[in-house]
Ligand code: CAA
C-alpha cells in the first residue's frame, strides 16, 4: 500500500486547482445568486480534457485513471459545486456507460464529442415515481416498424435543459420488471423531447436540474444502448462510478468550508484572543479534519477499486455515504465557527452549506447507500 500520488496525478490536481482558482471561483457566488449556467466554464473544461477524463484517447478522452478524475473533481467542486456536478454527470453517468456498453459506431457518434466537451450529456433514470425505487420505471419504449417509440417523464435531471445527448432508461416489458428495462440514446433535437420545468433549488443553483417530457420520441435501433434485459444493470453499474464522482464533489465542498473555517478561527478575536485558542473551536477543527480525511481515504480507495476491474459497488457506496455525511457535518460546523458571518451571503460558507445537502440525496440517498453496503456485507 502506498499513499503517494503519482507525478501525473499531482500534475492533474495542480492543473485543476489552478483552473478552479483562476476561472471557476471568481464566478461561483454570482452564478449561484443568478442561477446562471456556467456555459463558458463548461467549454473550458472540455478544452482541458476534464469532460471525458477516463475515456481512452482514441475516443477523444484524456485517458487518465479514476484517481485523477477524483482529484480534479475535488478541486473544481471546492471552487464551485455546481460546476462539479455538471462535470461529474458528463464523465461518470454519460461517457462511462457509452465507453463500456456502446457499439463502435455509437462511440464514434456520441462518445467522442461528449468526451471532448463538444456535446454535453445527461442521465435520465429518475421519474416522479422512480426515485430510490429506480426499477419502477414508468417511461415506456415500444417497438413499431423497426423503430422504438419512447414515452414518459423524467425528473431532477442534472444538465437536463442544456444537454445535447441523454441516456434514457425505459421499460420495454413491465412483466419482466427490472429485466425489461433498456437504455436508449436520445438527442435534444429529437421531435417529442421537451424541457417542462427547471427546478429552483436550495444549492448547486448554477447547475441545471430539469423535468423532461418524452412524447412519442421515435428512435432507430442504432440508439439502443446494450443488450436486451440489461438496462437496469447499466443504470446501477453506471451509478457506482457516479457515486465516486459525487463523493469527490462532497470532498471539495468540505475542504472549502473546512479550510475557510480554520483560517477564520486563527484571525477572528473574541475575549481578547483568536477563537482558535478556545477548546470549543479546537474540538470542532479536529472533528472536521478527521471526517474530511476519513472520507478522502474512502473515496481514493473507491477510485483505486474501480481501476481493479471487478465490482466496486460497496466501495463506491461507502465513499459517497462517508463523504456526503462529512460534508453535511463540516459545512454546518463551518457556519457555526463563522457565527453571524457564516449565515451572511458576504461569505461563501452559507453556499457551501447549501451545496452540501444534495450530496446526501442525488445519485442515491444515504439510505440507498446503506442498502447497497448492507446487501454486499450479507453476501460475505
Ligand atoms: N452493478 C451491476 N448490477 C447491479 C448493481 C450494480 N451496481 N446493482 C444491482 N444490480 C443488479 C442486481 O445484481 C440484480 O440483478 P439480478 O436480477 O440479475 O439478480 C438487479 O440489478 C436488481 O438488483 P436489486 O434487487 O438490488 O435492485 P433493487 O431494485 O432492490 O434496488 C437500490 C436496490 C439500492 C435501492 C437501487 O435501486 C438504487 O441504487 N436506488 C437508488 C437509485 C439512484 O441512485 N437514483 C439516482 C438517479 S441519478 C441522479 O441522481 C440524477 C442526476 O442527474 C445526478
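The values are calculated or read from the model by the stated rules, or taken from the named source; none is laboratory data. Treat the numbers as computed from the prediction; the structure is a model and nothing was measured. Using ideal geometry, Cβ is built from the backbone for each residue, glycine included, and neighbour counts are taken over all protein chains shown.
Which one of these does residue 201 not meet: (1) surrounded by 24 or more Cβ atoms within 10 Å (Cβ to Cβ); (2) touching a helix residue (DSSP H, G or I) at 6+ places or on another chain (Cβ under 9 Å); (3) under 25 Å from residue 42 (Cβ atoms)?
(1)
What number goes with the only condition from (1) crowded, with 23+ Cβ neighbours inside 10 Å; (2) away from the ligand (no atom under 16 Å from the Cβ) that residue 73 does not pass?
Among (1) crowded, with 23+ Cβ neighbours inside 10 Å; (2) away from the ligand (no atom under 16 Å from the Cβ), the lone unmet condition for residue 73 is (2).
Residues that are assigned by TED's automatic domain parsing to the domain that holds residue 217 and away from the ligand (no atom under 16 Å from the Cβ): find the strands (runs of 3 or more DSSP E) completely inside the range 113-158 holding 1 or more of those.
Passing ranges, in order: 140-144, 147-158.
Restricting attention to the range 354-368, does a residue exist that is surrounded by 21 or more Cβ atoms within 10 Å (Cβ to Cβ), more than 30 Å from residue 34 (Cβ to Cβ) and modelled with pLDDT of 95 or more?
No, because not a single residue in the range 354-368 is surrounded by 21 or more Cβ atoms within 10 Å (Cβ to Cβ), more than 30 Å from residue 34 (Cβ to Cβ) and modelled with pLDDT of 95 or more.
Would you call residue 267 within 30 Å of residue 291 (Cα to Cα) and surrounded by fewer than 17 Cβ atoms within 10 Å (Cβ to Cβ)?
Criteria met by residue 267.
Quick one: in the range 334-372, of everything that is part of a helix (DSSP H, G or I) and either within 10 Å of the ligand (Cβ to nearest atom) or outside the structural domain of residue 324 (by TED's automatic domain parsing) (or both), which residue is farthest from residue 135 (Cα to Cα)?
Per the criteria, the residue is 358.
When you look at residue 323, is it more than 12 Å from the ligand (Cβ to nearest atom) and either in contact with a helix residue (DSSP H, G or I) (Cβ under 8 Å, 6 or more places away or on another chain) or in the same structural domain as residue 27 (by TED's automatic domain parsing) (or both), yes or no?
So residue 323 passes the test.
Would you mind stating whether residue 316 is in the same structural domain as residue 244 (by TED's automatic domain parsing), part of a helix (DSSP H, G or I) and crowded, with 18+ Cβ neighbours inside 10 Å?
Here the answer is yes, as residue 316 does meet what is asked.
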